[in-house]
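Single-structure report; data block below.
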Amino acid sequence: MEEIAERLLADQGVGERAFWLAISRVPHIGPMRIERLERCFGSLAAAWSAPPDALRAVLEPRPLRELLLARERVDPRRELEKITALGIDVLHPGHPRYPRLLAEISGRPSILYVRGELRSVDDASIAIVGTRRATPYGRQAAERVARELAEEGITVVSGLARGVDGVAHQTALDAGGRTIAVLGSGADVIYPPEHRKLADRIVESGAIITEQPPGAKPDAPNFPARNRIISGMTLAVVVIEAALRSGALITATFAADQGREVFVLPGSVFAASSEGTNALLRDGARLVRGGRDILEDLDLVAGLGVTETPRQLQLDAFEERLYRAVSDEARHIDELADVAGMPAGQAGAVMLTLELKGLTRNLGAQYYVKR
């Protein structure tokens, strides 16, 4: 942890980062006023020490009063040291590691708190969002999209929530790719708590970012603001299963406003979990079947054809019968047992063998698909 802190503090532009951090925390001074201060004084370090009369020409009475009070109480460099001591980096617009696409949007975050590492390759990133209550179909779809994107070197961005988000992060990591989690809490506050191990993996192979300061709780108002970062830092947003009133649809709305592409995997017209996604399609979002459709539509990768050679394994009669019942569409073990003509208990044992041979995958709740 000490080595990380030393590296962060040794980085160029420490002084300016300290003043971006300090001013971003002043009440009633948001991104627009910060941009105004930087434009007027040339840097936030200069704005921090500017005479009150000069500041009065830029700021209204209330934010000016708050800034003058902060100057009496806050040591910007000391505040930066406290955060870097936690292993958290601090980035601002204009910093070389601040996401390029995010810097272009209106109302961009003045400060990003980062655990892990943001890289230039993350400019080619795509967001995957969806319901926290993902069905087996939704989980399978998220796996397919995340895997196909990660295998082509695309960074997968999501919100670390339960359901589709977690599946997207996990699959990207398992495919050897990069993934970034955008939080609605402090970078040191992982929510939901069961995703702490996943968060640790993300930090090792990507980054966790947030505009919330360390220690901030995952309060509901933070998440819509979080969603604008998810869409703002990516080339496109992919929505997989979303109800009519959901955070995923909020992200899609931000994406459209920011000029980003919105892709949707269609769902059943009878499922509440697909009402939002199907409504997006009706409103003009682009229908896709997987990650390769997205890459082709965005013209990111040429010649995406991948030839898969089926594994030649010896199967006994029961394994062969059950394997033929499995398809690319998720099916419950009871249905598979009926199709294969065997008792459910026997089907469960045989399915375990097929899983161990790498031929099938359990999507949860005893729903299976072919690998």
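Values in this text are rule-based calculations from the coordinates and carry no lab data. What you see is a predicted model, and the numbers here were worked out from it, not measured in a lab. All Cβ positions, glycine included, derive from the backbone under ideal geometry; neighbour counts span all protein chains shown.
Data table
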read-out	value
Structure-derived Cα extents along the principal axes in Å - corresponding label in [x] 59, 58, 38; [y] 86, 47, 39; [z] 60, 54, 38	[y]
Cα-projected label distance for F318 with D334, points at 7 Å along beta-carbon direction, nm	2.1 nm
Residue with peak Gaussian network fluctuation, the chain [Cα springs, cutoff 10 Å], from A337, A168, A317	A317
Karplus-derived 3J(HN,Hα), 6.51/-1.76/1.60, for each residue of the range 192-209, Hz, glycine and proline x	x, x, 5, 9, 5, 5, 4, 4, 4, 5, 4, 4, 6, 10, x, 7, 10, 10
Rel. contact order, % - alpha carbon contacts under 8 angstrom, at least six apart, the chain	12 percent
Shape call, the range 317-370: gyration tensor on alpha carbons, a/c limit 1.5	rounded
Protection proxy ranking, peptides 213-223, 172-182, 79-89, 127-137, average beta carbon neighbours within 10 Å, highest first	127-137, 172-182, 79-89, 213-223
Rounded tilt (10° steps) of 14-24 against the dominant C-alpha axis of the chain	90 degrees
Separation in nanometres of the label points that stand 7 Å from Cα toward Cβ, at E81 and V189	2.6 nm
Additional length obtainable on full extension of the chain from D257 to E104, 0.36 nm per residue less Cα span	53.8 nm
Reach of K217 by Cα under 26 Å, taken over lysines that are not fewer than 8 positions away in the same chain	K82, K197
Spin-label pair R39/R361, simplified geometry with 7 Å Cα→Cβ offset, distance in nm	4.9 nm
Karplus 3J(HN,Hα) series, Hz, for the range 247-255 with 6.51 cos²θ - 1.76 cosθ + 1.60 (x for Gly, Pro)	x, 4, 5, 4, 4, 4, 5, 4, 4
Most mobile listed residue (D75, D293, D188) in the chain, GNM with C-alpha springs under 10 Å	D75
Relative contact order, percent, the range 120-297 [alpha-carbon distance under 8 Å, six or more residues apart]	23 percent
Helix-only CD estimate at 222 nm, as mean residue ellipticity for the chain, using -39500 (n - 2.57) per DSSP H run (n ≥ 4)	-13500 deg cm²/dmol
Extension gain, D219 back to K370 (0.36 nm per residue minus Cα-Cα distance, nm)	50.4 nm
